[in-house]
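Written below as structure tokens is the structure these notes are about.
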Amino acid sequence: MVEAVKGVRDILPDEIRAWHFVEERARDTFERYGFREIRTPIFESTELFARGIGEGTDIVAKEMYTFPDRKGRSLTLRPENTAPVARAYIEHQMHRRSEVERLYYLGPMFRYERPQKGRMRQFYQIGVEVLGSDHPAIDAETLEMLVAFLGRLGIAPVQLVLNSVGDPECRPAYKEILRRYLLPRRESLCEDCRRRLDTNPLRCFDCKVPADRDVMAQAPAILDHLCDACRGHFERVREHLDAFGIAYTIDRRLVRGLDYYRRTAFEVTAPGLGAQNALLGGGRYDGLIEELGGPAVPGFGFAVGEDRLVMSLPATAAIPDDAPEVFVVGLGEAGVSAALQAARRLRGSGHRTLVEPLPGKSLKAQLRRANDLRARFVLILGEEEIQRGVMTLKRMSDGSQATVRLDELDRRLGEMARA
RNA sequence: GUGAGUGUAGCUCAGGUGGUAGAGCCCCGGGUUGUGGCCCCGGUUGUCGUGGGUUCGAGUCCCAUCACUCACCCCA
């Protein structure tokens, strides 16, 4: 038997309801804030990610699904969507249409990693990007929207962790300070961190080796070495968040794995996700558009892991029911024909109606089926009803039933639903 | 890429020291020749992940292999 390949999975109808719930709340929330959806291809030129995310990042170095197409061009299944959105923004000259563009997206991403709880090779992200303003109000308002979104899913309160990672003005100098702190301690660091020391010492903050964590706890933090502009930006973001009454913690060790982040960086973690507890992450990326050959347009955004979001939904989440309103039973072939007609009429007036052509099944079996489907009503069309030109409408909650004609079906259904 | 754990019915799992497989749920039928849920009765479902080895005999022991899960790494 051919099975799904490693790291991908099917989302079956029982589970998809939660996904629709999340996606509908996302669209509704984001659109309230003026965001509009953008859909980009799920594969792009490999070069886009190499340049956008950064050659040295783990994503680019070892986690991309890269393959040649039939003409030998190197393509990559998108591992994230900020670079593709930036590419589309540039390609369509969107900065000429409006100064600030607010975009959201949702869809599958792909990373070649060993699967584990909360981490699939094909996973889904819901994200937003604000292009065109570096005002701290953008950071704060987008974070406020994020908190509102999670709140509307019933995932609250969340732990919002914030930091500033500086910009090209202050980060190089800070990196040097950090390096000078770490070099004398090099021998006590783990193998990974010694390598990071040469490539990107900031990533040592991510290390989970206890001894290294102790070393890093004493390390100079970039927060104390921001340039005036970055410090001012960070302070203004915090002021706005405080004005919103949004709780957050500052984590001086928070660094992000993508090269393009500047100034504001944040993430939200959630319990119950196992070791992969990051629910979402994001930040400011003021240099990315320019890096990709576009105008000097600043950006801010975040991406939520939809799989992890669904896992984090509380049992009380208001996920809409998918049960049919009316289950139509036709007994015998004549009954099935009549059932089809009745069902068509019900659907025409907006009722979720299911009719299954099982003329040989006993009424008992069909009622059991209706009960399993949690149908609110059953409409029965058997020999008796067809002879008399009527049908039997049964309310499943209490078993009460009435004899109705086709032309009054709608009205009687409404009455019984209210009673 | 590294490590650990687990693979028995559609699902969740039992199967001391080797003697050719079970339960619950689900599904189907009946108890009511046209009335669901609860209850009762009956029934269907297995290359015991795969390949090899030891043995008179392997779900059980050994080796290999594959898959899945969790963790490391990293991230959503």
> Just to be sure, is residue A:55 of a type in the set (D, E, K, R), open to solvent by 80 Å² or more (accessible area, probe 1.4 Å) and assigned to a helix (DSSP H, G or I)?
Replying inline: no
> Which of the residues that make up the range A:313-333 are surrounded by 17 or more Cβ atoms within 10 Å (Cβ to Cβ) and outside any loop (DSSP other than H, G, I, E, B)?
Replying inline: A:326, A:327, A:328, A:329, A:330
>> Can you confirm whether residue A:336 is closer than 30 Å to residue A:356 by Cα and not in a loop (DSSP other than H, G, I, E, B)?
In response: yes
>> When the residues of the range A:262-312 are narrowed to those that are within 10 Å of RNA strand B (Cβ to nearest atom) and of a type in the set (Val, Ile, Thr), which ends up most open to solvent (accessible area, probe 1.4 Å)?
In response: A:269
> Out of A:206, A:192, A:214, which single residue is farther than 29 Å from residue A:146 by Cβ and surrounded by 14 or more Cβ atoms within 10 Å (Cβ to Cβ)?
Replying inline: A:192
> What pairs can you find where one residue is in the range A:325-348 and free of Cβ contacts under 8 Å to residues at least 12 places away in the same chain, the other is in a helix (DSSP H, G or I) and of a type in the set (Phe, Trp, Tyr), and their Cβ atoms are less than 7 Å apart, with a gap of 6+ or different chains?
Replying inline: none
>> Within the range A:1-12, take every residue that is of a type outside the set (A, V, I, L, M, F, W, C) and either away from RNA strand B (no atom under 16 Å from the Cβ) or farther than 20 Å from residue A:319 by Cβ (or both) and give me the one that is surrounded by the fewest Cβ atoms within 10 Å (Cβ to Cβ).
In response: A:3
> From the list A:402, A:370, A:365, A:375, which one is open to solvent by less than 70 Å² (accessible area, probe 1.4 Å), more than 10 Å from RNA strand B (Cβ to nearest atom) and of a type in the set (Gly, Ala, Ser)?
Replying inline: A:402
> Filter the range A:258-282 for residues that are in contact with a Lys or Arg (Cβ under 6 Å, 6 or more places away or on another chain) and at pLDDT 90 or above; which is nearest to residue A:230 (Cα to Cα)?
Replying inline: A:263
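Yes/no matrix, rows are residues, columns are (1) closer than 26 Å to residue A:44 by Cβ; (2) surrounded by 18 or more Cβ atoms within 10 Å (Cβ to Cβ):
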residue	(1), (2)
A:98	yes, no
A:103	yes, yes
A:109	yes, yes
A:113	yes, no
A:128	yes, yes
A:140	no, yes
A:153	no, yes
A:163	no, yes
A:168	yes, no
>> Tell me whether the range A:13-36 contains one or more residues that are assigned to a loop (DSSP other than H, G, I, E, B) and open to solvent by 60 Å² or more (accessible area, probe 1.4 Å).
In response: no
> For residue A:172, which of the numbered conditions (1) under 20 Å from residue A:261 (Cα atoms); (2) within 11 Å of RNA strand B (Cβ to nearest atom); (3) not polar (S, T, N, Q) fails to hold?
Replying inline: (2)
> When the range A:82-113 is examined, which residues are found to be within 17 Å of residue A:308 (Cβ to Cβ) and not in a strand (DSSP E or B)?
Replying inline: A:111, A:113
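The values are calculated or read from the model by the stated rules, or taken from the named source; none is laboratory data. Predicted model, so just to flag it, every value in this text is computed and none were measured. Cβ atoms come from the backbone with ideal geometry, glycine included; neighbour counts cover every protein chain shown. We work out accessible area using only protein heavy atoms, side chains counted, and drop any ligands, DNA or RNA first. Shrake-Rupley method; radii C 1.70, N 1.55, O 1.52, S 1.80 Å.
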